[in-house]
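Chemist: Submitted below is the structure of interest, expressed as structure tokens.
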């Protein structure tokens, strides 16, 4: 049982405005494993005012890029040094299998800090440009106070995808983790404090939707960076539009994996499996629609079910466990509702569909596979966020691409084939922000984001840093050169 009674506001541990708290429930045991303060609207205001003062009058936006980079590297080193502490924390509060907690949730987050440290050291924040009839200095300046709101499925990674470029740019930051997974953020706060972030630069306020609403609507916030559901993103975009506030959104997905007719079944399923199953399906970039040639449907269904059946469902602290529990009872009920809808609409359930009989405690759902799925069914159109895969048959590659593109989303996807050139042609035709040929991955140095209702803007890479900068043009008098040249 981990109990915190203070909030990290403006780089200091302070007493919250009220005595309200919320419990952190283990998804695998259903027991309370932590308790943290519930921030009030006054706490949010304190955090934003601290960030505003630090941005307007503090040293951080005016600190040389190399010094900001050094702080980012110290944060990275601090998190790496505490990885053995962080991984079990994330397993306790999120139910993530321990091997994935360490590899993906903790160690997978750290490269975002180091990449942006390297990037910002060589970044040109100013240049002289010749226009048609004038010369101008083009300045790139930090956008200001950033509100970062992240979900429970990859909280530390998703927070650092925002925090690292924001700090590198010289912004100040108020982070709102979700109430389900606040414990690891106390460690992040301690590491940032020890790394030497100046006063006011960072606040961390774990909270519910109301805290998020207050934060998004606060007039002291210049930009909102959000990862979460499309419905929440629509509200945030509307609120930011009313204030003409900068916003970036990484939202839902219903991504398709296309297996071409020349693919070896065992090889293709092996390449696909992690992106169709990881985190018990609780990933926005999940390839939850698997498109297979109609003439080979039975072969691919059998191969996929055999591969999924070999993955262990169980205690997330067991190193051999692959499928852990879902985050909450409400999420299990949601997933079970989609399974029932798939059956009602005529899909054939070929694997799973229930609760594991040997796991009476915890919010588990068996890995579930549907065949004979039509792309118009709810299980093929709506984001389930659970271990449910829909296998859809197609006649030819044109139909496969049409099915992949027949969605409100456009976040991710991949094609699996024996011919990489043919696969790349498919990648060009699918409307998604990130894609893979014979595999899929994300990287701190490669832009990530989606088309359509999967979001707005990009994270990671140079594009991720650019999202936290404003561009200013300054007309120059004749003979004046503000930037030294080599």
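The values are calculated or read from the model by the stated rules, or taken from the named source; none is laboratory data. Because the structure is predicted, anything quoted here is derived from the model rather than measured. Glycine also receives a Cβ, built like all others from the backbone with ideal geometry; neighbour counts cover every protein chain displayed.
Chemist: From (1) assigned to a helix (DSSP H, G or I); (2) touching a helix residue (DSSP H, G or I) at 6+ places or on another chain (Cβ under 9 Å), pick out the condition that doesn't hold for residue 51.
Modeler: Of (1) assigned to a helix (DSSP H, G or I); (2) touching a helix residue (DSSP H, G or I) at 6+ places or on another chain (Cβ under 9 Å), only one is false for residue 51: (2).
Chemist: Scanning for something closer than 30 Å to residue 25 by Cα, modelled with pLDDT of 95 or more and assigned to a loop (DSSP other than H, G, I, E, B), does the range 295-311 turn up at least one residue?
Modeler: Yes, because at least one residue in the range 295-311 is closer than 30 Å to residue 25 by Cα, modelled with pLDDT of 95 or more and assigned to a loop (DSSP other than H, G, I, E, B).
Chemist: Let me ask something else. If we keep just the residues of the range 289-307 that are under 23 Å from residue 365 (Cα atoms) and out of contact with any strand residue (DSSP E or B) (no Cβ under 6 Å at 6 or more places or on another chain), which is surrounded by the most Cβ atoms within 10 Å (Cβ to Cβ)?
Modeler: Here the answer is 304.
Chemist: State all residues of the range 169-209 that are farther than 17 Å from residue 2 by Cα, assigned to a helix (DSSP H, G or I) and either touching a strand residue (DSSP E or B) at 6+ places or on another chain (Cβ under 9 Å) or in contact (Cβ under 8 Å) with a residue 40 or more places away in the chain (or both); if no residue qualifies, say none.
Modeler: Result: 169, 191, 192, 193, 194, 195.
Chemist: How many of the residues making up the range 420-435 are closer than 15 Å to residue 271 by Cβ and surrounded by fewer than 15 Cβ atoms within 10 Å (Cβ to Cβ)?
Modeler: Total satisfying the criteria: 1.
Chemist: Which is touching a strand residue (DSSP E or B) at 6+ places or on another chain (Cβ under 8 Å), in a helix (DSSP H, G or I), in contact (Cβ under 8 Å) with a residue 60 or more places away in the chain and in the same structural domain as residue 406 (by TED's automatic domain parsing), of 272, 279?
Modeler: Every option except 272 fails the conditions.
Chemist: May I pose another question? Identify, from the list 88, 111, 151, the residue that is in a helix (DSSP H, G or I), surrounded by fewer than 23 Cβ atoms within 10 Å (Cβ to Cβ), under 15 Å from the mean Cα position of the chain (by Cα) and touching a residue at least 24 places away in the same chain (Cβ under 8 Å).
Modeler: Only one candidate passes the filter, namely 111.
Chemist: Oh, and also: Which one of these is in contact with a helix residue (DSSP H, G or I) (Cβ under 8 Å, 6 or more places away or on another chain) and either modelled with pLDDT under 95 or not assigned by TED's automatic domain parsing to the domain that holds residue 16 (or both): 239, 266? First the steps, then the outcome.
Modeler: On the way: 239 fails: either modelled with pLDDT under 95 or not assigned by TED's automatic domain parsing to the domain that holds residue 16 (or both).
Answer to the check: 266.
Chemist: Against the condition closer than 30 Å to residue 71 by Cβ and surrounded by fewer than 23 Cβ atoms within 10 Å (Cβ to Cβ), how does residue 234 come out, does it pass? Write out each step before concluding.
Modeler: Values: closer than 30 Å to residue 71 by Cβ: no; surrounded by fewer than 23 Cβ atoms within 10 Å (Cβ to Cβ): yes.
So residue 234 does not fit the description; no.
Chemist: Follow-up. Conditions: (1) surrounded by 24 or more Cβ atoms within 10 Å (Cβ to Cβ); (2) within 29 Å of residue 155 (Cα to Cα); (3) more than 25 Å from the chain's Cα centre (by Cα). Residue 254 meets all but one. Number of the miss?
Modeler: If we test residue 254 against (1) surrounded by 24 or more Cβ atoms within 10 Å (Cβ to Cβ); (2) within 29 Å of residue 155 (Cα to Cα); (3) more than 25 Å from the chain's Cα centre (by Cα), just (3) comes out false.
Chemist: Quick one: which residue in 87, 81, 92 is in the same structural domain as residue 469 (by TED's automatic domain parsing), in contact with a strand residue (DSSP E or B) (Cβ under 6 Å, 6 or more places away or on another chain) and farther than 29 Å from residue 245 by Cβ?
Modeler: Values: 87 fails: in contact with a strand residue (DSSP E or B) (Cβ under 6 Å, 6 or more places away or on another chain); 81 fails: in contact with a strand residue (DSSP E or B) (Cβ under 6 Å, 6 or more places away or on another chain).
The unique qualifying residue is 92.
Chemist: Next question, about the same structure. Just to check your reading of the model, which residue among 248, 280, 255, 229 is under 30 Å from residue 216 (Cβ atoms) and at pLDDT below 95?
Modeler: 229
Chemist: Strands (runs of 3 or more DSSP E) wholly in the range 346-398 with at least 3 residues that are touching a residue at least 60 places away in the same chain (Cβ under 8 Å) and not assigned by TED's automatic domain parsing to the domain that holds residue 27 - which ones?
Modeler: 388-394
Chemist: Further question: If you scan the range 402-457, which residues turn out to be assigned to a loop (DSSP other than H, G, I, E, B), free of Cβ contacts under 8 Å to residues at least 60 places away in the same chain and touching a strand residue (DSSP E or B) at 6+ places or on another chain (Cβ under 8 Å)?
Modeler: 433, 435, 447
Chemist: A further question follows. Looking only at the range 257-283, which residues are over 20 Å from the mean Cα position of the chain (by Cα) and either surrounded by fewer than 24 Cβ atoms within 10 Å (Cβ to Cβ) or more than 16 Å from residue 404 (Cβ to Cβ) (or both)?
Modeler: Listed by number, the residues that qualify are 260, 261, 262, 264, 265, 266, 267, 269, 270, 271.
Chemist: Which one is nearest to residue 255 (Cα to Cα) among residues in the range 458-486 that are touching a helix residue (DSSP H, G or I) at 6+ places or on another chain (Cβ under 8 Å) and not in a loop (DSSP other than H, G, I, E, B)?
Modeler: 459
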